[in-house]
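**Q** Starting off with a structure, shown below.
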Amino acid sequence: MSGLRTTRELLRRDRVFDFMAPALSRDMVLDTTHGPILYLEDVSVSFDGFKALNALNLYIDTGELRCIIGPNGAGKTTMMDVITGRTRPDTGTVHFGQRIDLLRLDEPAIAEIGIGRKFQKPTVFEQHTVFENLELAMRGSKGVWHTLRARLTGAQRDRIDEVLASIGLTGEHGRPAGLLSHGQKQWLEIGMLLMQDPKLLLVDEPVAGMTAGETERTAELLTSLAGGHSVVVVEHDMAFVRSIARKVTVLHEGSVLAEGDMDTVQNDPRVVEVYLGGE
Ligand SMILES: Nc1ncnc2c1ncn2[C@@H]1O[C@H](COP(=O)(O)OP(=O)(O)OP(=O)(O)O)[C@@H](O)[C@H]1O
């Protein structure tokens, strides 16, 4: 019986022999030995003939915190959509580390391999507590009731406590998420992303609608995440960008117009003309 089963197992068309498995999965291992964690090369996206991205080249280093700025319609959202698999480029290549070709993966697979995206509007489970939201995020798609009935291991509980501390919500862990302030909801959602242990975090306009105090704490949070994660922030609030920025990329008409530290890009006449002139 067991001999027959073994034979059947061996003859299965999709069977991956153990000795071959590492070779097959090697392509999916994140390899950042050359420095960058993300490579976009010559990426173009057209919508009805209009080029939202135009031969864009962008490299994000491992552990860096990069701010992306640019006027409305510059292509910032389209760029995030390409990285996360929402939009397929017409031309170009997109790699996660040196080996993982993101254009071969769909949206869920890209999230699975370690690219987390935070949209502008927070989408937390309002009726569930802060702690439960983090628990749900950790367990993925098993379903709310299954997840909340299952027992947490000590390590899982520790991980949730660690994330609660890093997002500054330890004192709020038992509150329903619906009762949090706008800023706290944004932090909770960042925490939910952190539960999945992403290597690269894409954050879209994190401080829109926040109070000055919340904005300051968000700056601290994103700064603290860099190093352990690579973080890409798209933001229009220039004071906020100045407070966190090390390297800034200015997008314009789907390409990089300027790149460098905040002072360099702010004093670049081309940037002043297309974006900062009215600031
Ligand atoms: N699905 C789509 N269909 C048609 N045009 C689109 C689509 N998505 C984006 N565009 C266009 O592509 C251009 C780039 O848009 P995108 O949203 O990437 O810019 P953005 O830099 O994120 O702007 P904002 O700062 O306003 O969010 C815009 O002119 C936009 O109208």
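**Q** Check segment 105-112 and report whether any residue there is in contact with a helix residue (DSSP H, G or I) (Cβ under 7 Å, 6 or more places away or on another chain), away from the ligand (no atom under 16 Å from the Cβ), β-branched (Val, Ile, Thr) and part of a loop (DSSP other than H, G, I, E, B).
**A** There is no residue in segment 105-112 that is in contact with a helix residue (DSSP H, G or I) (Cβ under 7 Å, 6 or more places away or on another chain), away from the ligand (no atom under 16 Å from the Cβ), β-branched (Val, Ile, Thr) and part of a loop (DSSP other than H, G, I, E, B).
**Q** Another question, then. Residue check, LEU102 against (1) within 16 Å of the ligand (Cβ to nearest atom); (2) in contact with a His (Cβ under 8 Å, 6 or more places away or on another chain), all met but one. Which one?
**A** Only one criterion in (1) within 16 Å of the ligand (Cβ to nearest atom); (2) in contact with a His (Cβ under 8 Å, 6 or more places away or on another chain) is unmet by LEU102, namely (1).
**Q** Let me ask something else about it. May I ask you to list the residues in segment 246-261 that are touching a residue at least 24 places away in the same chain (Cβ under 8 Å) and surrounded by fewer than 22 Cβ atoms within 10 Å (Cβ to Cβ)?
**A** Scanning segment 246-261 gives ARG246, LYS247, HIS252, GLU253, SER255, VAL256, LEU257.
**Q** For SER224, state whether it is surrounded by fewer than 22 Cβ atoms within 10 Å (Cβ to Cβ), over 16 Å from ASP204 (Cβ atoms) and away from the ligand (no atom under 16 Å from the Cβ).
**A** Against the criterion (surrounded by fewer than 22 Cβ atoms within 10 Å (Cβ to Cβ), over 16 Å from ASP204 (Cβ atoms) and away from the ligand (no atom under 16 Å from the Cβ)), SER224 qualifies.
**Q** For ASP204, indicate whether it is away from the ligand (no atom under 16 Å from the Cβ) and touching a strand residue (DSSP E or B) at 6+ places or on another chain (Cβ under 6 Å). I'd like the intermediate steps shown before the answer.
**A** Working: away from the ligand (no atom under 16 Å from the Cβ): no; touching a strand residue (DSSP E or B) at 6+ places or on another chain (Cβ under 6 Å): yes.
In short, no.
No value in this document is a laboratory result; all are computed from the given coordinates. Please read these numbers as outputs of a predicted model, since none were measured by experiment. Cβ coordinates were reconstructed from backbone atoms using ideal geometry, including for glycine residues, and neighbour counts include every protein chain displayed.
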